[in-house]
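Notes follow the structure.
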Amino acid sequence: MSIEKQPSCDDPFDSLLPVEEARARLAAALQSVSETESINLFDAIGRVLSADVVSPVNVPGFVNSAMDGYAIASSSIPTNGERQLKLCGTAWAGQVFDGRVEQGEAVRIFTGGLMPPGSDTVVIQEHVKATDESVIIDSDVQPHKNVRLAGEDVQLNQRVLERGTQLNAAEVGVLASLGVNEVVVFRQLRVAYFTTGDELCELESNTGKALEPGMLFDSNRYSLRAMLSGLPIEIFDMGIVRDNPDDTRNAMQKAARLADVVITSGGVSAGDADFVTQIFHELGDVSFWKLAMRPGRPLAFGQIGNAFFFGLPGNPVAVMVTFLQFVKPAIKQMMGLKKTASFTLQATCLSHLRKSPGRVEFQRGVLGNDEYGKLTVTSTGKQGAGRISSMSAANCLIVIAANVDGVNPGDEVEVQPFHGLLS
Ligand code: AMP
Ligand code: MG
């Protein structure tokens with residue numbers, strides 16, 4: 001792997017790396033998993049197809065009724081007035097009517113019922129005067145209505161899903177409709193993470209007790225875990241690593257053996273207690289980026305052995321934002337996903353947002369609709385990188401471009417919503 005090293009913390013010009021440039025460098029450096037496995041569709045939710053799927057069948061497999069009603073031949077529809085048709089039987093869903101529908105005849109049919117030979121139209125029951133033996137239709141009946149054709153959803157031999165597609169609810173539904181019970185997917189990515197810091201306190205060792213002076217709870221391990229848990233990957237929690245070279249080295253070596261991706265928080269600045277970058281340089285091929293973004297300026301990225309490392313900053317909001325902007329797309333790419341780009345929305349900002357030019361800011365916002373249904377966004381308030389509660393108050397990130405020096409109420413802004421509907 002060759003990772004571009006400029007600009008770095010050693011960069012005499014102290015220039016900042018634009019976010020888009022960092023994204024492009026990551027995308028070029030990462031390698032996706034290549035090993036595959038065949039698994040049951042039930043276990044495949046969220047996984048990524050390693051081969052195209054070609055349909056072995058037509059869906060629907062046969063011509064059937066889209067409504068409850070009466071199957072008739074369109075030649076039975078009167079040109080004017082009404083016509084009485086003889087009722088010959090019933091076609092239930094899953095129970096075929098054993099016979100033909102001739103001109104002047106009708107068969108009671110239910111949604112999904114196979115259209116009997118001779119019929120090509122379903123008259124919905126609301127438009128029919130029916131007795132036990134006959135139905136009366138009129139000239140308003142539309143020929144070929146309420147009928148689903150064989151293969152109108154998916155055709156035999158059609159390439160339905162492409163290699164690199166994530167199997168979310170719609171895709172597993174499609175595969176099930178084809179009768180595909182086993183799918184070939186990329187193996188699960190293994191992702192390890194640990195936090196660093198002498199000030200960090202485990203939650204369980206402190207329940208009910210006051211924190212020692214200078215200590216704080218290790219929230220990053222929980223937010224990292226939560227963000228990872230939405231992905232179809234194997235997760236390894238490696239705990240808290242203290243601020244010394246030996247523990248950092250041991251943890252990094254162990255993580256590199258264990259995982260395809262390793263995420264750390266803290267210790268990536270140039271301070272005396274920041275060992276992540278230092279040991280990272282010692283063990284692997286590393287870039288240290290000073291990103292033109294806020295929160296989350298320092299980011300270490302590189303490889304130790306076959307594992308890709310992301311050294312995220314320590315501040316809780318910076319961890320989440322850098323994870324969402326860089327690590328999550330990287331994991332998706334490494335999972336074999338073809339489409340990793342997400343879209344953004346435009347909303348009218350109702351708040352005044354303070355910002356100085358030079359860096360992209362990812363501010364926390366609350367997305368909603370005004371009385372006309374138009375998207376609006378308001379700020380969650382103070383934007384410090386240590387205020388993790390601002391992430392919880394938010395439902396989106398407001399992305400303010402590097403060259404912009406502030407936002408006024410009424411300005412249009414770009415937002416990244418936290419929630420997608422299906423994926
Ligand atoms: P660092 O980058 O290690 O200097 O950390 C920057 C800031 O983030 C410091 O105020 C840390 O206390 C805080 N921080 C680092 N790691 C964590 C963590 N795991 N949970 C909560 N806060 C953290
Ligand atoms: Mg630290």
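For region 293-383, the extents of the C-alpha atoms along the principal axes are 54, 30, 21 Å, listed from largest to smallest.
Provide the packing ranking of 192-198, 236-242, i.e. peptides ordered by the mean count of other C-beta atoms within 10 Å per residue, highest first.
Highest mean packing first, the order is 192-198, 236-242.
State the Cα centre-to-centre distance between region 45-89 and region 309-328 in whole Å. Using only Cα atoms, the two centres lie 52 Å from each other. Centre-to-centre separation between the Cα atoms of region 219-292 and those of region 379-423: 26 Å. In straight-distance terms, cross-link reach from LYS374 covers every one of the lysines whose alpha-carbon lies under 21 Å from its own, apart from those fewer than eight places away in the same chain; here that gives an empty set. Under the criterion of Cα pairs below 8 Å and six or more residues apart, the relative contact order for region 75-144 equals 39 percent. With a Förster radius of 30 Å applied to the C-beta separation of LYS145 and SER177, the computed FRET efficiency comes to 0.80. For region 254-265, backbone phi angles converted through the Karplus equation (6.51, -1.76, 1.60; θ = phi - 60°) give residue-by-residue couplings of 5, 4, 5, 6, 7, 10, 7, 10, 10, 10, 10, 10 Hz, Gly and Pro being listed as x. On the principal axes of its alpha-carbon atoms, the chain has extents of 93, 51, 48 Å, going from largest to smallest. Among GLU105, GLU204, GLU37, the largest mean-square fluctuation in a Gaussian network model of the chain, built with springs joining Cα atoms closer than 10 Å, belongs to GLU204.
Listed by chain and number, the lysines placed with their C-alpha closer than 18 angstrom to that of LYS338 are LYS328; residues fewer than eight positions away on the same chain are left out. Decide, for region 242-344, between rounded, prolate and oblate: order the square roots of the alpha carbon gyration tensor eigenvalues as a ≥ b ≥ c, take rounded if a/c falls under 1.5, and otherwise choose prolate if a/b is larger than b/c, else oblate. It comes out oblate by the Cα gyration axes. Whole-percent P(r), region 210-274, all Cα pairs, 5 Å bins from 0: 3, 14, 23, 23, 21, 11, 5, 1. Across region 83-97, computed HN-Hα scalar couplings (Karplus, 6.51 cos²θ - 1.76 cosθ + 1.60, θ = phi - 60°) run 9, 8, 10, 7, 8, 9, x, 9, 10, 7, 5, x, 10, 6, 7 Hz from first to last residue, x flagging Gly and Pro.
For the chain, the mean residue ellipticity at 222 nm estimated from helices alone is -5000 deg cm²/dmol, where every DSSP H run of n ≥ 4 contributes -39500 (n - 2.57) and the total is divided by all residues, rounded to the nearest 500.
A 1.4 Å probe run over region 231-383, with the rest of the protein chains in place, finds 41 Å² accessible per residue.
With both residues required to sit in the chain, DSSP beta bridges show an antiparallel share near 70%.
Derived value for region 124-191: Kirkwood hydrodynamic radius 16.7 Å. Basis is the mean of 1/r over every pair of different alpha-carbon atoms.
Can you pull the semi-axes for region 75-146, root of five times each eigenvalue of the Cα gyration tensor, sorted largest first, whole Å?
Semi-axes from the Cα gyration tensor: 19, 12, 11 Å.
Here's how it looks for GLY118: its modeled amide H is under 5 Å from those of VAL101, which are all 5 or more places away or on a different chain. Let me know the shape class of region 28-174, please: from the alpha-carbon gyration tensor, a ≥ b ≥ c as square roots of the eigenvalues, rounded when a/c is under 1.5, otherwise prolate if a/b is greater than b/c, or oblate. Prolate, since a/c reaches 1.5 and a/b exceeds b/c.
Computed extension gain for ARG163 through VAL54, at 0.36 nm per residue and net of the alpha carbon distance, reaches 38.2 nm. Between amide H atoms placed 1.01 Å from N, distances below 5 Å from GLU199 occur with no residue 5 or more places distant or on a separate chain.
List the chymotrypsin sites (Phe, Trp or Tyr not before Pro) within region 323-383 that DSSP assigns to loop and that have no more than 15 neighbouring Cβ atoms inside 10 Å. The partial results should precede the final answer.
Numbers: sites: PHE323, PHE326, PHE343, PHE362, TYR372; in loops: PHE343, TYR372.
Here the sparse-neighbourhood loop sites are PHE343, TYR372.
Close amide H pairs (under 5 Å, H built 1.01 Å from N) link GLU105 with ALA73, LYS86, residues at least 5 positions away or on another chain. Can you flag which of LYS290/LYS332; LYS339/LYS382; LYS209/LYS290; LYS290/LYS382 are past 31 Å Cα-Cα? Cα-Cα > 31 Å for LYS339/LYS382; LYS209/LYS290; rest within. Over the chain, Cα pairs under 8 Å with separation of 6+ residues give a relative contact order of 16 percent.
In degrees, nearest 10, range 0 to 90: what is the angle between the Cα axis of helix 219-229 and the longest Cα principal axis of the chain? Between helix and principal axis, roughly 30 degrees.
The phi torsions of region 21-32, fed into the Karplus equation with coefficients 6.51, -1.76 and 1.60 and a -60° offset, translate into couplings of 5, 5, 4, 5, 5, 4, 4, 6, 7, 6, 10, 7 Hz, rounded to whole numbers, with Gly and Pro shown as x. For region 154-240, the orientation-averaged shadow of the C-alpha convex hull comes to 8.3 nm² (one quarter of the hull surface). Of LEU324, LEU299, LEU312, the residue with the greatest mean-square motion in the GNM of the chain, using alpha carbon springs below 10 Å, is LEU324. Counting only protein heavy atoms and a 1.4 Å probe, region 74-129 has 54 square angstrom of accessible area per residue.
Distance between the 7 Å Cα→Cβ label points at ILE136 and SER32: 6.4 nm. In this structure, SER342 and ARG257 have a Cβ-Cβ separation that, at R0 = 45 Å, corresponds to a calculated FRET efficiency of about 0.90.
The values are calculated or read from the model by the stated rules, or taken from the named source; none is laboratory data. Note that this is a predicted model, so its numbers are computed, not measured. We place every Cβ from the backbone using ideal geometry, glycine too, and count neighbours over all the protein chains shown. When the accessible area is computed, the model is the full protein with side chains, heavy atoms only, and any ligands, DNA or RNA have been set aside. Shrake-Rupley method; radii C 1.70, N 1.55, O 1.52, S 1.80 Å.
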